[in-house]
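Worksheet for the structure shown next.
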Amino acid sequence: MGGSSVLRSCLYRRLLYGGHRVAQCQRWASSTERGRGQQEDIVSLLEEAEVDREDVAKRQPARSPSDSSVVLFPGQGSQQVGMAGGLLQYPNVRAMFLAAHKVLGYDLLDVCLKGPADMLNKTVHCQPAVFVTSLAAAEKLSQEDPEAVENCVVTAGFSVGEFAALVFSGALDFTEALYAVKIRAEAMQEASDAVPSGMLSVVGTPKTKYHLACAEAEEHCKTLGIAEPVCKVANFLFPNGRVIAGHKEALEFLQKNSRKFSLARTKLLTVSGAFHTPLMAPAVEPLRTALKTLNFKQPLVNVYCNVDGKRYRNASAIEDLLAKQLVSPVRWEQTMHAIYERKQGTNFPRTFEMGPGIQLGTMLKICNLKAWRSYKSIDVFASD
């Protein structure tokens, strides 16, 4: 069996059943508040199905860029009530949501399909919802366009989407990764609740000095009595597109003084905290503890990292960088340039966004119009 065939069979047929280290799963199941007494239920979802890693390592001959594909996974903010409704007819999808029910202790599918929006938008629910729905969309892609999976050469995910990309690449098992996403979401929710903070999407100009604007906003916060104010660039989205995160007072200051800082547009995001800034520091240790229970493997395709915008070179680096991601800016623009850098006249690969939403496609269009022309989003909603 060639490497690409293994990708298709292992990444999906064994998405839920990559049951190595069942004892390890028992340990982390017993460590969750809702998971006590459910160890047998969770472990029953796991079957022994080891991947022949040597076989996977046999790469196919080099192919034309236009015959290869890139798979992208979105992050928090892409969610919408009703997502996953158009995926339930595909193999494994219901089993994925059943596994999620066991790990999370609540019916994630019901939250995705029915909401309400206030519940779905909460970090603690949103991150698992986006993670599972995006991988369910990958199952749809596997069924409708198997060559897109066979010929995948690169995958990447935005923030929590990086966990989905690692599962897709074979570096993590679905159920183990979902457990880490659960702990991550709970810890980030708790950190967000502790400090009034948020995230501000901004579009600037070539003259905009983002770090200077953030520094002035922090100084403003000090005049209000905030001892250790935070205002940082949290996401590099596209040229002159950023997300700035920090204390609410800092973001309000930037909005009021947008003209002074050459910010052409500002918009508060519907998130509860200042993700990817030092305000998420309290969430790092819980996530790091969860990550230590996981079994990371060498990815079967190139996976790009949010922290530095570069691909993971070995499995040993993944654990540390996923923990650092919480307090480091997401370098998505840099990732797009790294993935799509081509010599003049070279064709681009097909790109698939695993829904919900088309935010990553929109950013790709701004970063690289030629690459975007081969882009497609995988719809996750039921037809009317």
Matching residues in the stretch 241-250 - criterion: being buried (at least 17 other Cβ atoms within 10 Å of the Cβ) and part of a helix (DSSP H, G or I): E249, A250
Any helices (runs of 4 or more DSSP H) falling wholly within the stretch 128-211 and containing at least 2 residues that are acidic (D, E) and open to solvent by 10 Å² or more (accessible area, probe 1.4 Å): 146-150, 174-194
Out of K232, K267, sole residue that is in contact (Cβ under 8 Å) with a residue 60 or more places away in the chain and in contact with a Cys (Cβ under 8 Å, 6 or more places away or on another chain): K232
First in the stretch 72-91 and more than 20 Å from M188 (Cβ to Cβ), second anywhere and modelled with pLDDT under 95 and not basic (K, R), Cβ under 6 Å, 6 or more apart: Q80/P356; M83/P356; G85/A382; G86/A382
The stretch 213-227: number of residues that are open to solvent by 60 Å² or more (accessible area, probe 1.4 Å) and either of a type in the set (K, R) or closer than 16 Å to V243 by Cα (or both): 1
Condition met for T335 (polar (S, T, N, Q), open to solvent by 50 Å² or more (accessible area, probe 1.4 Å) and part of a helix (DSSP H, G or I)): no
Flag for T289 being modelled with pLDDT of 95 or more, polar (S, T, N, Q), in contact with a strand residue (DSSP E or B) (Cβ under 9 Å, 6 or more places away or on another chain) and not in a loop (DSSP other than H, G, I, E, B): no
Pairs where the first residue, in the stretch 352-375, is in contact (Cβ under 8 Å) with a residue 24 or more places away in the chain and the second is open to solvent by 40 Å² or more (accessible area, probe 1.4 Å) and among the basic types (K, R), C-beta under 7 Å, 6+ apart: F352/K376; S374/R350
S316 open to solvent by 10 Å² or more (accessible area, probe 1.4 Å) and assigned to a loop (DSSP other than H, G, I, E, B): no
Residue in the stretch 295-313 that is open to solvent by 70 Å² or more (accessible area, probe 1.4 Å), part of a loop (DSSP other than H, G, I, E, B) and at pLDDT 95 or above present: yes
Neighbours by Cβ (under 8 Å, 6+ apart or cross-chain): first from the stretch 95-121, farther than 16 Å from Q79 by Cβ and open to solvent by 60 Å² or more (accessible area, probe 1.4 Å); second at pLDDT 95 or above and in a loop (DSSP other than H, G, I, E, B): H101/D107
Filter result for the condition that a residue is in contact (Cβ under 8 Å) with a residue 60 or more places away in the chain and open to solvent by less than 40 Å² (accessible area, probe 1.4 Å), over F275, F253, F261: F275
Sole residue being within 19 Å of F163 (Cα to Cα) and open to solvent by 10 Å² or more (accessible area, probe 1.4 Å), chosen from Q89, Q76, Q80: Q76
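The values are calculated or read from the model by the stated rules, or taken from the named source; none is laboratory data. Just so you know, these numbers come straight off a predicted model, no measurement behind them. Positions of Cβ are generated from backbone atoms using ideal geometry, with glycine treated the same way; all protein chains shown enter the neighbour counts. Surface areas here come from the heavy atoms of the whole protein model, side chains and all, with no ligands, DNA or RNA. Shrake-Rupley method; radii C 1.70, N 1.55, O 1.52, S 1.80 Å.
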